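First up is the structure itself, then whatever we jot down about it.
Just so it is clear, none of the values below were taken in a lab; they were calculated from the coordinates. Being a predicted model, the structure only gives us computed values, none of them experimental. Don't worry about glycine lacking a Cβ; one is built from the backbone with ideal geometry, like all the others, and counts go over all protein chains shown.
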Amino acid sequence: MDRNADAPWSKFDPEVYVDNNYRTPLEVDRQIVRLMRDHFSTCFAGAAPGAVRGVDVGAGANLYPALSMLPWCEKVLLLEYADPNVAYLERQTSPRGYDTAWDAFWEVLQEDEAYRGFDPRARFGDIVRVERANLFDLDGQRRWDLGTMFFVADSMSECPEEFRRGVRCFMNALNEKAPFAAAFMKESVGYQVGEHQYPAYRVNEDRVRESLEGFTTELKIHDLHHMVRPGHEGMLLALGRRNAEVAAV
Ligand SMILES: C[S@@+](CC[C@H](N)C(=O)[O-])C[C@H]1O[C@@H](n2cnc3c(N)ncnc32)[C@H](O)[C@@H]1O
């Protein structure tokens, strides 16, 4: 069984990953962005914009979770473990601005008025920062008010305990009442990026619910029946808010 530490993270190729997943925007990602946008807009209705701190855990080469947090945050931290992805994210936050590949997702976000009236590239460069970190080192000492984790806990190891621990570490990094969005590949058997194979733990809606329900209120899981490649059966998007419980890591 491949554990997280066994996978070739230092060889992860972010440009190939973007080619495989995001360069041509899929309707399922647009749908995810819409659902996440509406969840955050509802949670923050009436709140002052730009007042909270957000985190995207295992950000990799995907900017749409961070873009979806922009109106609400004074700072957004992208935590990522693989060095090539850290370098990719640092290029995206540099003064030259993020790649045009991400504009299609901003268009979806802009359908909501909270996402209008500012330049996303300038805001992204101003407030988003990148840090190399291991999800398993989040021990509840550092906390954020808004969080996302996309295709990470299920897509980093074949080990059931590491999946549950990944979810726990993410949820324990959120303050009470923090809105969150977490996405999972359904029944994934692993994935290829360029020459390299990466592990996955097979989850379904019940496993995702089980892993999250001790930490959440208002949990809603969307089952999106869309395949992006052979070797999985769709995607699951969990939306909710952190409850007051603090579970042990
Ligand atoms: C399938 S990719 C998902 C990337 C991105 N979040 C997305 O939505 O496409 C899995 C990500 O988890 C990261 N990762 C793997 N092990 C990690 C760990 N122990 N701590 C933090 N991130 C990790 C990988 O480097 C990679 O970026």
For Lys220, go through the lysines and keep the ones whose alpha-carbon is under 25 Å away, minus same-chain ones fewer than eight residues off. Lys177, Lys186
For the chain, give the share of DSSP beta bridges that are antiparallel, in percent and rounded to the nearest 5; count only bridges with both residues there. 45
In the Gaussian network model of the chain, springs joining C-alpha atoms below 10 Å, which of Ala59, Ala114, Ala173 carries the largest mean-square fluctuation? Ala114
For a quick protection proxy, order the peptides 71-82, 7-18 by their average other-Cβ count within 10 Å, most packed first. 71-82, 7-18
Tell me, what is the percent relative contact order of the chain, built from C-alpha pairs under 8 Å that lie six or more residues apart? 21
Through the Karplus equation 6.51 cos²θ - 1.76 cosθ + 1.60, θ set to phi - 60°, convert the phi angles of the stretch 31-42 into ³J(HN,Hα) values in whole Hz; use x for Gly and Pro. 5, 4, 4, 4, 5, 5, 4, 5, 5, 5, 4, 5
Counting Lys and Arg as +1 and Asp and Glu as -1 over every other residue whose Cβ sits under 11 Å from the Cβ of Pro8, the net charge comes to -3
Cβ neighbours within 10 Å, averaged per peptide: list 33-41, 92-100, 144-152 in order, most packed at the top. 144-152, 33-41, 92-100
Helix-derived mean residue ellipticity, 222 nm - over the chain, DSSP H n ≥ 4, -39500 (n - 2.57), to 500: -9000 deg cm²/dmol
Against the rule of thumb 2.2 N^0.38 Å, how large the Cα Rg of the chain comes out: 0.92
Pop out the ³J(HN,Hα) list for the stretch 189-196 in order, Karplus 6.51 cos²θ - 1.76 cosθ + 1.60 with θ = phi - 60°, rounded to Hz; leave Gly and Pro as x. 9, x, 8, 10, 10, x, 7, 10
Please name whichever of Leu79, Gly60, Met156 sits farthest to the positive end of the charge dipole of the chain, dipole taken about the Cα centre and charges placed at Cβ: Lys and Arg +1, Asp and Glu -1. Leu79
With Gly140 itself left out, Lys, Arg at +1 and Asp, Glu at -1 over residues whose Cβ is under 14 Å from its Cβ give +1
